[in-house]
Structures are given as structure tokens and as C-alpha cells.
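Below is one structure, written out as C-alpha cells, with a few remarks after it.
What follows is calculated from the coordinates using simple rules that are stated; it is not laboratory data. Fair warning: this is a prediction, and the values are worked out from it, not measured in the lab. We place every Cβ from the backbone using ideal geometry, glycine too, and count neighbours over all the protein chains shown.
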Amino acid sequence: SRMLPPVLASFAPIIHGVANTNAKVTVMQNGYKIYETTVPPGAFAIDDLSPSGYGSDLIVTIEEADGTKRTFSQPFSSVVQMLRPGVGRWDISAGQVLKDSIQDEPNLFQASYYYGLNNYLTGYTGIQLTDNNYTAGLLGLGMNTPVGAFSVDVTHSNVSIPDDKTYQGQSYRISWNKLFENTSTSLNIAAYRYSTQHYLGLNDALTLIDEVEHPEQDLEPKSMRNYSRMKNQVTVSINQPLKFEKKDYGSFYLSGSWSDYWASGQNSTNYSIGYSNSASWGSYSISAQRSLNEDGQTDDSIYLSFTIPIENLLDTDHRSSGFQSIDTQLNSDFKGNNQLNISSSGYSDTNRISYSVNTGYMMNKSSDDLSYIGGHASYESPWGTLSGSASASSDNSRQFSLNTDGGFVLHSGGLTFSNDSFSDSDTLAVIQAPGAKGARINYGNSTVDRWSYGVTSALSPYHENRIALDINDLENDVELKSTSTVAIPRQGAVVFADFETVQGQSAIMNIVRSDGKNIPFAEDIYDEQNNIIGNVGQGGQAFVHGIEQEENIRITWIEEGKPVSCFAHYQQNTASEKIAQSIILNGLRCQIQ
């Protein structure tokens, strides 16, 4: 899927229509224009849409050359299984199951395939095989309909339990996703699953096989008769922004799940509710959660959070660096366990240094109350990220930690370190920019080092990537002929990006002709070696690069059909004014010859 263009990486329907003349076609979603094009007379198809979110129908308007308009609606709702028509996606993996709770870890092979059949249907299938007699197959369908997106699938499992028999069963699942445009209510997932009595998922099958082969003493031997596994499950998640008459009152969410189980006959319930909003003084949120486990035990919690920007507390302008806000969190489980935490974080002007401090107090029902304090700091160095933290609490415990994170690339030009961490599957670019020490790569924290090399891992394989250098932090007086280049790498590739530079002192020259006339605009300026070092700007001011301590310059142009040249002498002075890295050379008289 990484090889697909970004526009094809997510689901969107293909819009078909007919234009009677040269027409303009506009596609709207949620009141916003997301696509516009012109089409010739005849049938057309739009297959490169990039809609937002999981739902909200697309409103298509065809405006003919005479101004007449026709409008129709294209249903659009999506679940994660949906693909564009004609697009396929497959995944294959093989390896060993690593699970701490089982003693025998079997080998596993699994594969899946998805294919977009048309605007409304996506089919998918999958298989799982282990070498300890477990097999499962999946067949499903994703559907885009006017009333939302659905997915329906069935999984069939076959497992042989040692000293028992082979069990076969099915698990049926249906899910629904819908955005209700009138109220902006997002029903993200509403799923129902039913598993027959003899169905076992991979995790349950491996656990049961292991418990049968390695029974614990003094416990009833495990079997399908007494092994608790899921029978029914329902999950719901709703998000609701609270906007009325263009006023924003925050947002609200509600989520919950319910499950019951074969063998044990027990059930479990989880649900949570939350609200968040912003005010003139900052922002706040509150949430509550309740869980009922299989044994009927209840676990409740409530969480309250406030964030107040420092600028609001001090009544100052926006802070570009330093501590940014004060964050306060309170939570309780309604059983005598309560906690208060206050923290603040900030960063330096260059974002290379970040830091945070926190303090808090815990009230514990079954133990002594506890107060604590801590801090964390990190530095983005050219060789990697260095970080450290320290904390102390009233029970006399102390904690200290140091950490470093980064990477390096060995290439033909040497060894280059990066503060990005990456693996052998990441796609990298090695940048070479002679003399451009300190230049930021892609406006991040990776920079060109003193040996003129830099590394970035912020590349997407099989796509066009723009690699750019930010010259604002250059430590040397260097001119880049180009500040960006383009690369289209494969996954795991290391590509080279060469930037041509001109090194040497730069200067702003104010040049006047000996005859009092103006030097023509944009004429080249030559040094004694006949190299072009700059151009004449307006009013005889010129920006030049790579100048010597003392030298003559020449400017040549055509005047009244004849070549004319003038010569000027300059000499750098330690007392010369500067703008950034460039010195200012005033009053250079260019003698006409």
C-alpha cells in the first residue's frame, strides 16, 4: 500500500457523471469544497478524491457552460476495510508467537487480502495457521451505503485440543460507522460479535492448548467445558461536538462495551463519558469511567484536568519559548484513593531543549499518603537526543535516569550521526552541503554537521519527497544555489541529496559610477579570476559572495551599442558594519574605462 499514491491510500468512491458542454464539476463535503475540475462534453469519472473522515455524503454539482446547474448526492461512509474500486491490498507474515503466559510458543503463518469491488463493496479474506493444530479462515464484506458504512464477516476456526477432540466453530461480526451531518454526531464504531460455543480465537486456542498440556496442580484440568471464552460482545463509541448558532460549547463523548462468556456464564461491562471545552483562561476536561468485571466487582474513576497558559497568568504576550502552561490533573476511584498532579513544560527558542517539572500528592486508603516531585529535560544534539529525569517522594525513594537516542549512517563520505532514531527498514536521505554547518534539514531538529553532511529519516517510500535546508541557522557564510531537492526512494533505501554551495565572505556593496550615472540593473560582477560573484541591484547596491580580503572587481555592460566596463577596488575592514554574516562596503567608486 505504500506504493500507492496518497490519494489512493484511503477509501473514496468514484464519481460518475455526464456533462452536456464544457462544464465545471464541484464536489462538496460538510459545506466545504474538496474538489473542483473542468470536464469536456460526455461521460466523466472522478477517481482521485480525498474526502475527510469516515463519513458525510458528497454533494456533486455540474455547472454547464450556459450556467445551468445539476446536483446529485454520492453516498460516502467508510470503515477501515473499505478500499477504492479496483485497488487491492494484501499482507503476509510468518514467525513465532511470543507470549509470556504460555510455555510452548508455536510457529504462525497468517495472510489477508482486501479488494475494492466498486463504490459500495469491498471484499476481504484471511487465514491463520499454527503448527500446533490451529486453523482459522475469515471472509467478509465492507459496504458503503446511504445510511452508513457496514462491515460483515465470519471467521471459522478449527482446533485440536490434546487428549480431547477437534472443535470447529464460527464467530460472526457486524459493525456500523456513520456521521450524522445535521448534528455532527460521529458514531465511530458500533459493533456486534457472536461466537458459537466451539469457536476459539487464536489467543484463546493457544492458551487452552498450553493449559491442557501443562496443567497447574490443585486446579481443575482445563477443557472446552470449563474454559471461559467470549460469546457475545457489543461496543459503541459516540463523539458529539456541541456547537449551536456558531458558538462552540466544547465536545462530548460516550463509549461502552458489554461482553458475556461461554462456560463461566459471566459478563463484563465498561463504559466511559467525557466532556472538554476551552475558555478565555485556558481549557478543561472531565471524564468518568466504570468497569464491571466477570466477578461482578465494580471499578470507578473520575478524571478532571485544567490547562492554563502562562501568558494568561502573567497577562503577557504569547510566549515563543520558556514554560508554556500549568497543567493540573485530579483523579479519584471513589474508594479513598485520590491524586493531585501539577506540571509545567517548556522549550528553548530553537526547540532543541525541552523540559518539564511536576509535583503531586496521593491519598491512599490502604497505605500512607505520598507526596512527590520530579523533572525531565532533553537536548536535541547533532549526535542524538540526550535526556534525563529525576524524582523524589516522601517515602524516601529516589529515581534517576539518563537516556540517549539517535542513529548514524556509514557512507562514502564518512560516518554521519543523527538525532533521529531509525531502523534498517526506514527510508533515509544523506545530505551533503559543503560549508553549510548548522542548516536544519526539512525544518526539523536534524542539521548539517561540521563535515557538511546530515541525515534525515522523514521520507516516505515510493512517493515524491521534498528535501529542504533551512539556512536561517547557518553557522558559516555560505550561499546555497538551491535550498531544496526532490527524491523518490524505495522502502529502506538511503538516498544522497547534494546541495551546491558557494563558500566565502559575503558582502553588500554600494557602488557608484565615476561619471555619476547609474550602473545598469542586474549586470554581473566579476572578480580578478573572472568569476561571477554577484549582480548589481537597484541603486547600485549589490550582494556578492566569496570575496577576498582585498581585490578589484569588474562590471561590464552594453551602452549605446558599445561595451563599457568599470573597475572598483575594495578592502575588508574589521570595523565594517555587518548585516547577519554579510559585511557592508560603502562608497565603492567604479572607474569607467
Report summary line: Given the candidates Ser223, Thr125, Phe109, the one whose Cα lies deepest towards the positive end of the charge dipole of the chain, counting +1 at each Lys or Arg C-beta and -1 at each Asp or Glu C-beta, is Thr125
Query raised in the report: Within the chain, what is the longest stretch that has no chymotrypsin sites (Phe, Trp or Tyr not before Pro) placed in a DSSP loop and near at most 12 other beta-carbon atoms within 10 Å?
Result: 1-280
Report summary line: Burial-style ranking of 19-28, 486-495, average other-beta-carbon count within 10 Å with highest first, yields 19-28, 486-495
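Which of Lys69/Lys247; Lys231/Lys335; Lys178/Lys243 have a Cα-Cα distance over 21 Å?
Values: Lys69/Lys247 33 Å; Lys231/Lys335 32 Å; Lys178/Lys243 19 Å.
Result: Lys69/Lys247; Lys231/Lys335 exceed 21 Å.
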Query raised in the report: Between Asp260 and Phe180, what length in nm is gained on full extension when 0.36 nm per residue of separation is reduced by their alpha carbon distance?
Result: 25.8 nm
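Given R₀ = 41 Å, FRET efficiency for Ile273-Thr38 by Cβ-Cβ distance, to 0.05?
Details: r = 49 Å, r/R0 = 1.19.
About 0.25, to the nearest 0.05.
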**Report entry** His318-Asn22 pseudo-label distance in nm [points 7 Å out on the Cα-to-Cβ vector]
**Finding:** 4.4
Report summary line: One would report the antiparallel percent of DSSP beta bridges in the chain, rounded to the nearest 5, as 95
**Report entry** Degrees, to the nearest 10: 202-213 long Cα axis against longest axis of the chain
**Finding:** 50
Report summary line: With label points set 7 Å from each Cα along the Cα-to-Cβ direction at Ser223 and Gln503, the distance between them in nm comes to 8.1
Report summary line: Extend 7 Å from the Cα of Asp100 along its Cα-to-C-beta direction; within the range 369-408, residues with backbone N under 14 Å of that point are none
Query raised in the report: What is the range 298-371's relative contact order, in percent, from Cα pairs under 8 angstrom and six or more apart in sequence?
Result: 25
Query raised in the report: How do Glu63, Glu220 rank when sorted from fewest to most other Cβ atoms within 10 Å of their own Cβ?
Result: Glu220, Glu63
Query raised in the report: Which value, in debye to the nearest 20, describes the size of the charge dipole of the range 459-593 about its Cα centre when Lys and Arg Cβ atoms bear +1, Asp and Glu Cβ atoms bear -1, and nothing else is charged?
Result: 280
Query - Label-reachable residues, the range 410-454, where backbone N falls under 14 Å from a point 7 Å from Ala493's Cα toward its Cβ - result: 426-430
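Kindly provide the helix-only [θ] at 222 nm of the chain, computed as the sum of -39,500 (n - 2.57) over DSSP H runs of four or more divided by all residues, to the nearest 500 deg cm²/dmol?
Details: 2 runs with 17 residues, N = 593.
-1000 deg cm²/dmol, from helical runs alone.
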Report task. Extending each Cα 7 Å along its Cβ direction at Ser280 and Tyr172, get the distance between those two points in nm, one decimal. Result -> 5.8
Query raised in the report: What label, among (1) 104, 93, 50; (2) 111, 62, 45; (3) 107, 80, 57, belongs to Cα extents along the principal axes in Å computed from the structure on display?
Result: (3)
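Once the piece of chain linking Tyr113 and Ile92 is laid out straight, how much longer is it, given 0.36 nm per residue of separation minus the C-alpha distance between them?
Numbers: separation 21, 0.36 × 21 = 7.56 nm, distance 0.89 nm.
Between Tyr113 and Ile92, full extension yields an extra 6.7 nm.
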